Each structure stands twice: as C-alpha cells, then as structure tokens.
C-alpha cells in the first residue's frame with residue numbers, strides 16, 4: 001500500500017478522494033485478522049472517508065495503538081497523555097522558526113481534526129489511540145523539521161546550577177542582589193512568582209509535581225508551592241558538617257540530598273521528616289567530587 005502522509009481525520013491526500021461505494025459486508029474475522037493488519041495508517045484514513053460505517057470499523061484503539069507501538073510513540077499515552085494536553089497556540093509576537101500566516105499555524109496542532117463526542121454531524125468520536133497517533137506525529141514532525149516557538153525571558157539571567165523545569169513551569173535561582181527563586185510559565189513566558197530565599201551561585205534546585213525544593217546558603221533544604229510561592233517545609237540537616245547540598249534527587253515526594261564528605265539524607269517533603277541519614281564510605285583514595 002502507498003504510505004501517504006496523514007494529518008487528521010479529514011486528511012488531505014495527494015490522491016483523489018475514494019468514491020463513496022458501499023462494499024460487501026465481510027466477516028469480522030477476515031477483516032480484523034487478515035485485511036486490516038496489512039494496511040497502513042494512511043489506508044485506514046482513506047477507508048474512513050468512504051462512509052460512516054467504514055469510519056467506525058477503522059476507528060478502533062487496538063488498531064491505532066499498534067501504529068503507535070511501531071513508531072515508538074506508546075509512551076505518549078502511558079507516560080505523558082497527549083490526549084489531555086491542550087494544543088499550544090501562541091501569538092505572532094513570540095519568536096518562531098516559521099513565517100507569518102499558514103506556516104506559523106502549522107506549528108500548532110489542528111484541534112479541529114479531533115472529532116469529539118458532541119459533534120453536529122453525529123459522527124463517532126475519534127478513538128483515544130488515533131488521537132495520540134495524530135498528535136505524536138505532529139509533534140515529531142515539528143521536531144524533525146525544526147519548527148518551534150521561541151519565548152524570551154527578561155531578567156538578565158546568568159547561568160547557575162539552580163535551574164530546573166517540570167511541564168510548563170521553569171524555576172531559576174537568582175542569587176545576585178536580591179537572592180530569590182523566579183518561577184516562570186514556559187508557555188506564556190510570564191513571571192509567576194518571586195520567592196525570596198537565601199540561595200547562592202552553587203545552590204541546587206529541583207521542581208516536581210508543583211513542589212520546589214532548594215538547598216539554601218544556610219545549609220538547610222526548603223520547599224515551596226510552585227503555584228502560590230508559599231513556603232512549605234524547612235528541613236535542617238542532622239549532620240553537623242558545615243557543607244552545602246551539592247546534589248539533589250527529587251521525585252515529587254522524596255528528596256535525596258547529598259552533602260560533601262559523602263553525607264546522604266533522605267527526606268519526605270510532604271511532612272518534612274528525615275527517613276534515612278547515612279555516610280557513604282568510599283574505598284581507596286577516591287573522594288567526593290565537590291565542585
């Protein structure tokens with residue numbers, strides 16, 4: 001079968017639209033086990049253009065999950081669910097690798113190509129895995145063709161270790177003048193909060209699930225709510241060593257803080273309780289690489 005590009009339920013092909021002919025009914029076993037597995041995604045879209053009945057036949061999750069698996073796109077549903085993310089459309093004021101007009105619009109996914117349950121035509125809603133396939137393909141094409149938007153962050157930042165992001169939230173340590181953490185919205189390129197806290201050029205910073213954890217210059221760990229900027233927990237090291245946290249590992253609930261001299265602490269950021277604290281004994285002449 002010819003592998004023609006597919007972009008939506010009402011895709012535009014280089015070949016003419018197939019005639020609306022009612023084909024003879026086929027046994028489900030023959031259709032699902034013999035015929036459909038040999039067709040491409042473009043073939044299924046052509047069949048969907050024939051009639052409502054054929055559109056229902058080729059609008060099944062098992063078919064489109066198979067195509068996602070072959071492309072390596074299954075994680076777009078199992079890890080990050082693209083069906084729950086709203087397509088990003090930015091204004092022409094933001095930078096872009098495309099020119100104005102039609103080329104600029106190609107960066108954003110055409111949400112109108114997804115048929116919802118409540119549509120005026122009475123069509124069957126686009127199955128979830130077909131939606132995932134369409135959005136993943138659009139995303140991958142943007143990546144391979146270098147199509148993207150560019151947002152500029154005003155603030156005169158110098159790169160420090162303290163920089164991290166999670167989904168649409170970017171956090172940056174700003175130790176100069178007024179030590180603080182700046183919380184940015186990546187999509188809108190707008191500053192959401194400025195959290196005043198004692199941070200330095202070497203402060204470690206992590207964000208996950210809306211919680212910010214930072215190693216401060218007074219040698220304690222502090223957590224903040226990324227949405228409100230509110231302080232949450234203060235976790236003081238149980239070690240008496242006057243050394244900072246030079247590495248943090250954070251999953252949104254548990255943070256592992258590594259201090260110099262191989263002191264390791266495991267904290268629960270939800271209640272501020274230290275679960276474990278131990279010293280790593282290094283064999284030989286190796287010592288922790290403290291920057």
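Can you give the direction-averaged projected area of the convex hull of the alpha-carbon atoms in segment 163-279, in nm²? Averaging across all directions leaves 6.6 nm² for the Cα convex hull. Measuring nothing but alpha carbons in segment 234-276 and taking Rh as the Kirkwood radius, the Rg to Rh ratio lands at 0.93.
Segment 216-262 and segment 45-74 have Cα centres lying 48 Å from one another. Each peptide in 121-127, 177-183 receives the mean, over its residues, of other Cβ atoms within 10 Å, and ordering these scores from highest gives 177-183, 121-127.
Since every read-out is calculated from the coordinates, none of them should be taken as a lab result. Worth saying up front: this structure is predicted, and the values here are computed from it rather than measured. Counting neighbours? That spans all protein chains shown, and the Cβs are built from the backbone with ideal geometry, glycine included.
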